[in-house]
1. Have a look at 40, 25, 57 and report the one farthest towards the positive end of the charge dipole of the stretch 1-64, computed about the Cα centre with Cβ charges (Lys/Arg +1, Asp/Glu -1).
2. Counting only DSSP beta bridges with both residues in the chain, what percent are antiparallel, rounded to the nearest 5?
3. Hey, can you grab everything whose amide H is under 5 Å from the amide H of residue 520? Only 5+ residues off in sequence or another chain; H modelled, so Pro and N-termini drop out.
4. Residue-wise, which Karplus ³J(HN,Hα) couplings in Hz belong to the stretch 190-204, taking 6.51 cos²θ - 1.76 cosθ + 1.60, θ = phi - 60°, and x for glycine or proline?
5. Hey, what do the phi angles of the stretch 408-420 turn into as Karplus ³J(HN,Hα) couplings, whole Hz, using 6.51/-1.76/1.60 and θ = phi - 60°, x for Gly and Pro?
6. Work out the FRET efficiency for residue 733 and residue 142 from their Cβ-Cβ distance, taking R0 = 60 Å, and round it to the nearest 0.05.
7. Take every Cα-Cα pair in the stretch 664-714 and report what % of them are more than 16 Å apart.
8. Give a residue-ordered list of calculated ³J(HN,Hα) values for the stretch 375-383 (Karplus: 6.51 cos²θ - 1.76 cosθ + 1.60, θ = phi - 60°; whole Hz; x for Gly, Pro).
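The values are calculated or read from the model by the stated rules, or taken from the named source; none is laboratory data. In this text, all values refer to a predicted model and were calculated from it rather than measured experimentally. Backbone-built Cβ (ideal geometry, glycine too); neighbour counts: all protein chains shown. Each accessible area value is taken on the protein alone, full model and side chains, heavy atoms only, with ligands, DNA and RNA left out. Shrake-Rupley method; radii C 1.70, N 1.55, O 1.52, S 1.80 Å.
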Amino acid sequence: MKEIGTKYEPQQIERKWYNFWMEQQLFASTPDEREPFTIVIPPPNVTGVLHMGHMLNNTIQDILVRRARMMGFNALWVPGTDHASIATEAKVVNLLKEKGIDKKDISREDFLKYAWEWKEKHGGIILQQLKKLGASCDWNRTKFTMDEDLSESVIDVFIDLYRKGKIYRGVRMVNWDPKALTAVSDEEVLYKEVQSKLYYIKYPIENSDEFLTIATTRPETLFGDTAVCMHPEDERYSHLKGKKALVPLVNRPVPLIFDDYVDREFGTGALKVTPAHDINDYNLGLKYKLDSINIFNDDGTLNQDAQFLVGKDRFEARKEVVPLLEQAGLLLKVEEYTNKIGYSERTNEVIEPKLSVQWFCDMAALAKPALDVVMNDTIKFYPDKFKNTYAHWMENVKDWCISRQLWWGHRIPAYYLPNKEVIVAKTREEAYQMAQSQYPELNLRPEDLQQDEDVLDTWFSSWLWPISVFDGIRNPQNPDINYYYPTATLITAPDIIFFWVARMIMAGLEWKGDIPFKSVYFTGTVRDSQRRKMSKSLGNSPDPIELMDIYGADGVRFGMLHSSPAGNDLLFETSLCEQGRNFSNKIWNAFRLIKGWEIDEHASQPLHTATALRWFHSKLNETINEIQDNFEKYRLSDALMNTYKLIWDDFCSWLLEIVKPPYQQPIDRKSFEETIDLFEKLMQLLHPFMPFITEELWQQLRNRSEKESIMYAKFPEFVPDKTDTILLTRFEQTQKIIENIRRIRTEKNIAQKNQLELFILKPEADALPEMDAIVMKLSNLSGITYVQDKVEGALTFIEYNTEHFIPFGSHINIEEEIRKIEEELCYTEGFLKSTLKKLSNEKFVAGAPESVVAIERKKQADAEEKIALLQTKLQELTR
């Protein structure tokens, strides 16, 4: 073995071994005869930096990949980033502003040039940060959703769906983000409960002194009203059928319509209808052929069609329309009101419903098979409670708005002709040829074709990720896609179950005829100790890089996984990382202890050591079985704790204490080699969780070849017939005896160096010499004697129905012992008295549940038994 430092220095060791793994190409994978185990990374935004959610997700992925690699699978973890249309475009727009450039003043080509420059300079920082975590990705296969091959796959899929009639273009009410200046899908809208106001506004009836009162939370939209709607059975308004109302301020006559959509109990039972700015009003507008007046510009300011407050922001207009209504005598009252408002998931801007020409994907036909494979467990969800969430969305799926009014992204391959016809083709040249063929009478020139300005939703590329990273769209039978697909498992957060998980399943079934992954593990949300979601704005999210600098990557990995049950939130505290660092130090010091032993080639193995080693082999085998079971159920936190307790408690606190030779004495060769073998297995068991320290110590255990790594050592396997349950039970009993003796030493202030004698009340024929040898070693006993009668003048304890005696000797202060027993006896007698009082209460005994009465009777019996024992001890001491 090589020299080992006195102190564990994680930064130095982590850098050394990650460089080694990279130089030796140990993360690389190519198809071969082994069974594959594939994970594709959920591609983080190219704009992103590592946060605590990434740490949790990628730690779990790395654990699964490293374990699979050690189990003999051809393990592949594909890394990459997402082009993140909205986030990246916003970054570039801000960059240009700093240079005094406005996006609208430059061409698309110039803007994209700036965007690519930004991406090359700043994009992908997060992938470099993942290396510090120890991520064992095949970096040679790193992908970006706008790589040429992935981009071509996206365009191919769009064309394929268009030709199948599953993509169409039309005017629809969409979710408009006035900050990002683009439509977003329903799944990208987050609803928050907010405190609003309900404005009661008078709508005069045309040619009458009557008026209707309408309650609305959005008075600024009244400029776009084109009807007022009431319930057909609402008698309050039946006399108004056939009449018109005047829109306040603009005095536009609009029809009164009657539809059972209206809730008679809400507000006044009369509803203003603004088809251009509310999805439900839009549907009423279609039904009753109402005019649609769009009063908003794309940035949320009022346009000329509003006639009032032109150029004002919508929220400013809401404030300013109130005094205008008051001056006109049209505002009846204002009330506080709580309602839910939709916000853009990307920009946190309040969503504006807007009529817009967009591209849509018909989801109904794609959804049905994707629902079936989850509900019948072809794809397994962990935890499976998310199946219900998934099913609810899939059974109520809406068409997907896939166009975005941005420049950064995959440009929609649709070309418009002068006669308003649309040609969808892979390239402009192909579109031109198709147009000439279909419309020869137009005598078209290439410049007559105008490509659609919009790009596709970022998720339209992400849903192809498990296929496109292996080029399975363009080359559906290539060796990589045939070997690595479907992937083994997906690790993701439940909040993108609709954005991404569902759509990947649809895409896999549509273009590969097979599921994209066999299982999905949903991580929880990382929260602080107050259960608040970690965020920069709250200042409660530690910097993962700083954490790794302080506690080491292994320590942070331990901390992230320590309390991370699948699908449940992780309450993170830095103390968990500190515990991980302490665990690293414990392992390091255990190895230094073993390495420091001198070996006597002629010494024979002591009985206590032989027994302890046999016990640990069984304990190890039993724990491996538990770890295996937890991995199969994706209880990775439990698997880590199994490993932690095996090493810290069973190996360090018990085995090493038994095996280690007396001070400055040598150890026999057999015991030393067995201990080294066990330590090696423990490092292999721990490696997926804590890769750096395990590689360092594994390399120090034996002479290794230049390219050898623990990454490809065999992961320890459970052997069914190798667990000696009788030995495990006996050892557990032995531990209890030792713990009792240690307790007595502590309570009586008897130093460990002072030898004690132990007497056991049972036949000597029942003695277990191999267990007695362990008790003798760890308890520093001068001897163990089996007796037929109780030993007087001794402290006693009972373990497994057997009484044990330790004579007082000169080590114990008898007067102090009598005082303690008398205090305990007094307390126990008082406790018994209160219990008997309760049981003597006939009402209590008759009225309380049987189980409660039984508990009280048990308390009585236990107290009486303890009093008898204490009285006996007192008699023995006062004789």
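1. In the stretch 1-64, that residue is 57.
2. Working: 62 of 91 bridges.
Bridges in the chain are about 70 percent antiparallel.
3. Residues meeting the criterion, in which the H sits 1.01 Å from N, are 380, 381, 382, 490.
4. 3J(HN,Hα) across the stretch 190-204, in whole Hz: 9, 9, 10, 7, 10, 8, 10, 10, 10, 9, 9, 10, 8, 10, x.
5. For the stretch 408-420, the Karplus-derived couplings read 8, x, 8, 5, 5, x, 10, 10, 9, 9, x, 8, 6 Hz, x marking Gly and Pro.
6. Working: r = 56 Å, r/R0 = 0.93.
Efficiency at R0 = 60 Å is approximately 0.60.
7. On the way: 537 of 1275 pairs.
I get 42 percent for the Cα pairs in the stretch 664-714 exceeding 16 Å.
8. Coupling constants for the stretch 375-383: 5, 9, 6, 4, 10, 9, 9, 10, x Hz.
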